[in-house]
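A short write-up of the structure that comes next.
The values are calculated or read from the model by the stated rules, or taken from the named source; none is laboratory data. Small disclaimer: the values here were computed from a predicted structure and weren't measured. Note that each Cβ is placed from the backbone with ideal geometry, even for glycine, and that neighbours are counted across all protein chains shown.
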Amino acid sequence: MLRLSGWPLMALPLASALRAQETQTKSKPGETAFLPLNRFPRMVQEFFVEQVRAAEQIGAKARAALSTKADAEAYVRAVREKIRAAFGPFPEKTPLNSRVTGSVERDVYRVEKVIFESRPGLLVTANLYVPNNRKFPAPGVVGSCGHSDNGKASEPYQSFAQGLARQGYVVLLFDPIGQGERLQYTALDSKLRPRPGVGEHLLAGNQQFLIGEFFGAWRAWDGIRALDYLLSRPEVDPKHIGITGNSGGGTLTTWLCGVESRWTMAAPGCFVTTFRRNVENELPADTEQCPPKALALGLDHADFLAALAPKPVIILSQEKDYFDTRGAEEAFARLRQIYRLLGAEDDVQLFTGPNPHGYSKENREAMYRWFNRATRISGQTKEPELVIEKDETLWCTPKGQVAELNSRTLFSFTQEKATSLARQRSGLPPEELRRAVANILKLPARIGVPDYRILRALRGRRHPKPSFTTYAVNSEANLCALVYRLSDTAHLSRPPREPHRAVLYVSHHSSDAELRSEPLVAEILKAEAAADFWTCDVRGIGESRPDTCGTDQFLTPYGSDFFYAIHSLMLDRPYAGQRTHDLLRVLDWFKSCGRTEVHLVARGWGTIPATFAALLSEVVAQVTLKNPLTSYQAIAETEHYRWPLSAFLPGVLLKFDLPDCYGALEAKKLRLIEPWGPEAS
């Protein structure tokens, strides 16, 4: 699992930040500084485990019904359709405008330095390894790099490219977006600049969801255009075209098997497992590794390889990898069933090396044997002697970055589309806006009055009123929102049943902490002295903040909040929509208790579900939002931002934006306090 530093989201982990916040609220020497309450740290994790397990059963049920070759062929066609639905349509192909900027001659091969355009103005740097003194055309291989700062110059990727070239293959090894010579944020101040690889992928990829794009599809398109370039070379035999890569390159190899049919063989390394193993093991994955709707469609890693069946595929795993090799074995078993029905059981294989994560020599040699079996170009089984080149030797650009050649950045495309969408959007009438909001949030049905638990009373938390009662309000199976009711006297039972105006404060990170530290709470308590005062932590916030994905990982870009947000998109249930559902269920519960006039108050992250719930619930009569996001448009048009993926909605800017919701809420006496732009959170 990768750990990042230098990501511009928040300097302190959540526990440290809230601990500092609590310490600052001590009013006299010797007074206890309370850590924020968190009595349900595993609730969200177990909920998502069950959701992913249920999604896995969609595919399991479909495979269980297969008994004939025709069944297997129909299954392959079905997964291809589902993959297209997850990745969306690809753009029209445009001229590659390829050029060779230099060449390096070696003993039995040469390395050409190639630049081409996968989209107009978006430059891709690649090395083409061409064997010398060989009869052409020869088999070709596209090499996909994993997460490495130096991309195609990284030793494992140079190694397999050299190893294949020495055996007679023509190999095109290209830099991924955000790695090697294709860094996207070189113009940013160094203090704001994300790290290559994961850092750049998350910053660019999360933002793309707002405009209905998927970063993994952009990565896949680079691979498709790399194949187009490889096939344009007269040295390459189109009857033998392979794809291989490791880690993030194993991801792309897997996706490319699903979206491109011209491959004749494939060898994904150190990626293929199952989505269930990843979520059970609390293993975050990049934006690109989590296709939207994939889980909802019943897709898993093996299905992307099944889309290539019955062509030869070998899964490369490692015994000590954090990508669980048990999942690789499960994926292989699923593929073997399909290949057996297709009469090609020998054309799928699993090789598990003895090492930790990486494209080790053992795994490279397994790939050579597999490709040689398919092409019969070489009988070699051991890796030839290699000489690893310096990064600069392989540069395609003068100084090692496409930015110096005025390449477009991924962000420039996001910004351009966001601006175009803004011109196309027109204000929706209130009822149409509510329908659009409900549709994009993917809200489930709300039936009946939610049940709830009354938690054991805690004393001495130094809240603004002497007593508080905690209710765990069920929002869906095995998941609840945590609600506090503040009162002047002890109240250990169900809420009072008489009609009463209520204030409901939706927390930024923790109701318990913010009751002591947030000035807005004190202001509202004073202004609404006659009202019943409540707070709410929606799922994954405060009392249910996950303790998963490592220690103090909640606010890191690769931490638990991101982990569940990205899985939510694969489940086709945006996390912001789930949190809105929690709040709507609390409001349903309020209504059943006689609270039919609610002043909804929220701060920071809490303003996202509060905005949507206020728009959709008839019991909300007044709305106060402190530090709300100004607009999704602002994030999509800003190169650097701090808001998390959990606040985003996929494709939202195709339909509406937050200011549309704010305008509609003016009828509910909306008050906006100190809005936050893209940089604040």
Would you check if R497 is surrounded by fewer than 20 Cβ atoms within 10 Å (Cβ to Cβ), touching a Gly at 6+ places or on another chain (Cβ under 8 Å) and not hydrophobic (A, V, I, L, M, F, W, C)?
-> yes
Out of region 71-113, which residues are surrounded by fewer than 16 Cβ atoms within 10 Å (Cβ to Cβ) and basic (K, R)?
-> R77, R84, K93, R99, R106, R110
Scanning region 621-677 for residues that are in contact with a Ser or Thr (Cβ under 9 Å, 6 or more places away or on another chain), under 26 Å from G540 (Cα atoms) and of a type in the set (D, E) gives D657
Per the filter on region 252-264, residues crowded, with 24+ Cβ neighbours inside 10 Å, touching a strand residue (DSSP E or B) at 6+ places or on another chain (Cβ under 8 Å) and touching a residue at least 60 places away in the same chain (Cβ under 8 Å) are L252, T253, L256
List every residue pair whose Cβ atoms sit under 9 Å apart, with the two residues 6 or more apart in sequence or on different chains, where the first one lies in region 218-234 and is within 13 Å of G143 (Cβ to Cβ) and the second, anywhere, is of a type outside the set (F, W, Y) and assigned to a helix (DSSP H, G or I).
-> D222/L252; G223/L252; G223/T253; G223/L256; G223/V259; L227/L256
Residue identified as at pLDDT 95 or above and either under 30 Å from L455 (Cβ atoms) or out of contact with any Phe, Trp or Tyr (no Cβ under 6 Å at 6 or more places or on another chain) (or both) among E50, E31, E22 = E50
Write out, first by first residue and then by second, each pair whose Cβ atoms fall under 6 Å of each other, whose residues are 6+ apart or on separate chains, and whose first residue, in region 489-511, is β-branched (V, I, T) while the second is assigned to a loop (DSSP other than H, G, I, E, B).
-> V503/E528; V503/A531
Residue identified as within 30 Å of the chain's Cα centre (by Cα), charged (D, E, K, R) and more than 25 Å from A126 (Cβ to Cβ) among K61, K69, K93 | K61
Could you tell me whether D324 is within 31 Å of the chain's Cα centre (by Cα), modelled with pLDDT of 95 or more and not hydrophobic (A, V, I, L, M, F, W, C)?
-> yes
Only one residue in Y368, Y359 is within 30 Å of A309 (Cβ to Cβ), touching a Gly at 6+ places or on another chain (Cβ under 7 Å), in a helix (DSSP H, G or I) and in the same structural domain as A72 (by TED's automatic domain parsing). Which one?
-> Y368
Any chance you could count how many residues in region 580-599 are within 19 Å of I447 (Cβ to Cβ) and among the basic types (K, R)?
-> 2
Can you find even one residue in region 583-604 that is within 26 Å of the chain's Cα centre (by Cα), small (G, A, S), assigned to a helix (DSSP H, G or I) and buried (at least 24 other Cβ atoms within 10 Å of the Cβ)?
-> no
Right, E213: part of a loop (DSSP other than H, G, I, E, B), within 30 Å of A138 (Cβ to Cβ) and not hydroxyl-bearing (S, T, Y) or not?
-> no
Please work out which residue is nearest to the chain's Cα centre (by Cα), limiting yourself to region 435-454 and to residues that are farther than 13 Å from S475 by Cβ and either loosely packed, with under 15 Cβ neighbours inside 10 Å or not assigned by TED's automatic domain parsing to the domain that holds T580 (or both).
-> N439
Pairs under 8 Å by beta carbon, first residue in contact (Cβ under 8 Å) with a residue 60 or more places away in the chain in region 338-350, partner among the hydroxyl-bearing types (S, T, Y) and not in a helix (DSSP H, G or I), six or more apart or different chains?
-> L341/S67; L341/T68
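Yes or no, residue by residue, for (1) touching a helix residue (DSSP H, G or I) at 6+ places or on another chain (Cβ under 7 Å); (2) of a type in the set (D, E, K, R); (3) surrounded by fewer than 21 Cβ atoms within 10 Å (Cβ to Cβ):
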residue: R485; (1), (2), (3): no, yes, yes
residue: A490; (1), (2), (3): no, no, yes
residue: V506; (1), (2), (3): yes, no, no
residue: G542; (1), (2), (3): yes, no, no
residue: D552; (1), (2), (3): yes, yes, yes
residue: T556; (1), (2), (3): no, no, no
residue: I566; (1), (2), (3): yes, no, no
residue: Q578; (1), (2), (3): yes, no, no
Please identify the pairs in which a residue from region 368-379 that is farther than 11 Å from V141 by Cβ has its Cβ atom under 6 Å from the Cβ atom of a residue that is assigned to a helix (DSSP H, G or I), counting only partners at least 6 apart or on another chain.
-> S378/N372
Going by the structure shown, is P609 within 22 Å of L569 (Cβ to Cβ), assigned by TED's automatic domain parsing to the domain that holds L441 and in contact with an Asp or Glu (Cβ under 9 Å, 6 or more places away or on another chain)?
-> yes
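A quick yes/no check of all residues on (1) farther than 19 Å from G242 by Cα; (2) touching a helix residue (DSSP H, G or I) at 6+ places or on another chain (Cβ under 9 Å); (3) surrounded by 16 or more Cβ atoms within 10 Å (Cβ to Cβ); (4) small (G, A, S):
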{"residue": "D347", "(1), (2), (3), (4)": "no, yes, yes, no"}
{"residue": "H357", "(1), (2), (3), (4)": "yes, no, yes, no"}
{"residue": "R364", "(1), (2), (3), (4)": "no, yes, yes, no"}
{"residue": "M367", "(1), (2), (3), (4)": "no, yes, yes, no"}
{"residue": "G379", "(1), (2), (3), (4)": "no, yes, no, yes"}
{"residue": "D391", "(1), (2), (3), (4)": "yes, yes, yes, no"}
{"residue": "P398", "(1), (2), (3), (4)": "yes, yes, no, no"}
